[in-house]
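Notes to accompany the following structure.
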Amino acid sequence: MAKVAFLGLGVMGFPMAGFLARGGHEVTVYNRTRAKSDAWVAKHGGKAADTPKAAAKGAAIVFSCVGDDPDLRAVTVGANGAFEGMAAGSIYVDHTTASADIARALFAAAVRKGIHFIDAPVSGGQAGAENGTLTVMCGGEAAAFEKARPVIAHYAKAVTLLGPSGAGQLTKMVNQICIAGLVQGLAEGIHFGLKAGLDMKQVLEVIGKGAAQSWQMDHRGKTMIDDQFDFGFAVDWMRKDLRITLEEAKKNGAPLPVTEIVNGYYGEIQKMGGGRWDTSSLIRRFRTI
Ligand SMILES: NC(=O)c1ccc[n+]([C@@H]2O[C@H](COP(=O)([O-])OP(=O)(O)OC[C@H]3O[C@@H](n4cnc5c(N)ncnc54)[C@H](OP(=O)(O)O)[C@@H]3O)[C@@H](O)[C@H]2O)c1
């Protein structure tokens, strides 16, 4: 059992850190808004620190799950950042969905300090975090990964090293590209079926057993029919992920025509006030036009 720290107790980080405590690790948490760390300690025990640096002191592994690149920069190399508090040989595992560029920059900064950095974005959403069944996509060095893997496994069903620093974030981009087009296809199919007068719940039962089956169809089809979006993976986060992905595509030259269009559609959902709605809310565009 190890002494570990977890920075960022949001929708994802709060339950993930909880699995570490239940797994027997000695956990110190940090959250920018102190009330959340106090609530976490009241539920799981452990300690709360006032800065990322204080939380990281003495930890064998420091985890984070914050919002975007600037937030990750702040908790790692900002004032009182975690890197200042970490001892040589310790490991930083970042679960934020961020750019591959910042992953590589933090990997290089970590090397200069004699510490290890693994980019480890997750897939599986709030339910995956709460049930401990996330898929974790990692980039970094094999030796550090092997040390961190059994600890990450407390909240994951799959933990995989996909290549050097940045490979985890690049894999997450592929994940989001695949989801964006698929959700739009599902929205079009469901809307078409409803317009055609079909019983769409029955239709999804049937085609969900064939080649059109997908995680999105299984978990979001019924709620799309029922016009429910007050849960799940927020459109604001998806837009952030697609922005990062489209910027990376400009650099590597891969055309992303469908992803670009769907990114624009998500922009329309934000203008409708749906920034916090689940990504399956793409179908709402058809209900207002
Ligand atoms: N939600 C999902 O279904 C899902 C699925 C896969 C991946 N992700 C990714 O996981 C990450 C976290 O998502 P979430 O849903 O947990 O978000 P969230 O509920 O909004 O939580 C974000 C956390 O980051 C902290 N934070 C943000 N900016 C910070 C800063 N500058 N300095 C210090 N702390 C900061 C927040 O602190 P405060 O409490 O003070 O605001 C909060 O603890 C994102 O990168 C997201 O894209 C989310």
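The values are calculated or read from the model by the stated rules, or taken from the named source; none is laboratory data. Because the structure is a prediction, the values reported are computed rather than measured. All Cβ positions, even for glycine, are placed from backbone atoms using ideal geometry, and neighbour counts span all protein chains on display. For accessibility, only protein heavy atoms count, side chains too; no ligands or nucleic acids. Shrake-Rupley method; radii C 1.70, N 1.55, O 1.52, S 1.80 Å.
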Residues being more than 12 Å from the ligand (Cβ to nearest atom) and under 28 Å from ALA180 (Cα atoms) - total across region 107-130:
1
Hits in region 33-64 - residues which are open to solvent by less than 20 Å² (accessible area, probe 1.4 Å) and touching a residue at least 40 places away in the same chain (Cβ under 8 Å)
ALA49, PRO52, ALA55, ALA56, ALA59, ILE61, VAL62, PHE63, SER64
Can you find a residue in region 116-139 that is more than 18 Å from the chain's Cα centre (by Cα) and open to solvent by 10 Å² or more (accessible area, probe 1.4 Å)?
yes
Looking at the structure I just gave you, is ALA249 surrounded by 15 or more Cβ atoms within 10 Å (Cβ to Cβ) and more than 21 Å from PHE286 (Cβ to Cβ)?
yes
Filter region 154-166 for residues that are within 13 Å of PHE117 (Cα to Cα) and surrounded by 19 or more Cβ atoms within 10 Å (Cβ to Cβ) and give the result.
LEU161, SER165, GLY166
Scanning for something closer than 30 Å to ARG243 by Cβ and away from the ligand (no atom under 14 Å from the Cβ), does region 60-72 turn up at least one residue?
yes
Conditions (1) part of a loop (DSSP other than H, G, I, E, B); (2) modelled with pLDDT under 95 -> GLY67 fails only (2)
ALA158 - would you say it is outside any helix (DSSP H, G or I), away from the ligand (no atom under 11 Å from the Cβ) and in contact with a Gly (Cβ under 6 Å, 6 or more places away or on another chain)?
no
All but one of (1) touching a residue at least 12 places away in the same chain (Cβ under 8 Å); (2) open to solvent by 70 Å² or more (accessible area, probe 1.4 Å) hold for LEU256, so report the exception by its number.
(2)
So ILE190, is it buried (at least 16 other Cβ atoms within 10 Å of the Cβ) and either within 13 Å of the ligand (Cβ to nearest atom) or over 18 Å from the mean Cα position of the chain (by Cα) (or both)
yes
Conditions (1) within 29 Å of ILE177 (Cα to Cα); (2) within 14 Å of the ligand (Cβ to nearest atom); (3) free of Cβ contacts under 8 Å to residues at least 60 places away in the same chain: number failed by VAL75
(3)
Reported set for region 248-283 where residues are farther than 29 Å from ARG104 by Cβ, in contact with a strand residue (DSSP E or B) (Cβ under 8 Å, 6 or more places away or on another chain) and not in a strand (DSSP E or B) is GLY275, ARG276, TRP277
Would you pick out the residues in region 66-82 that are open to solvent by less than 10 Å² (accessible area, probe 1.4 Å) and among the aliphatic types (A, V, I, L, M)?
LEU72, ALA82
Test of understanding: among LEU242, LEU170, which residue is within 16 Å of the ligand (Cβ to nearest atom), touching a strand residue (DSSP E or B) at 6+ places or on another chain (Cβ under 8 Å) and closer than 18 Å to ALA100 by Cβ?
LEU170
Any idea which residue in region 4-56 is nearest to the ligand (Cβ to nearest atom), counting only those that are over 19 Å from GLN126 (Cβ atoms), among the charged types (D, E, K, R) and not in a strand (DSSP E or B)?
ARG32
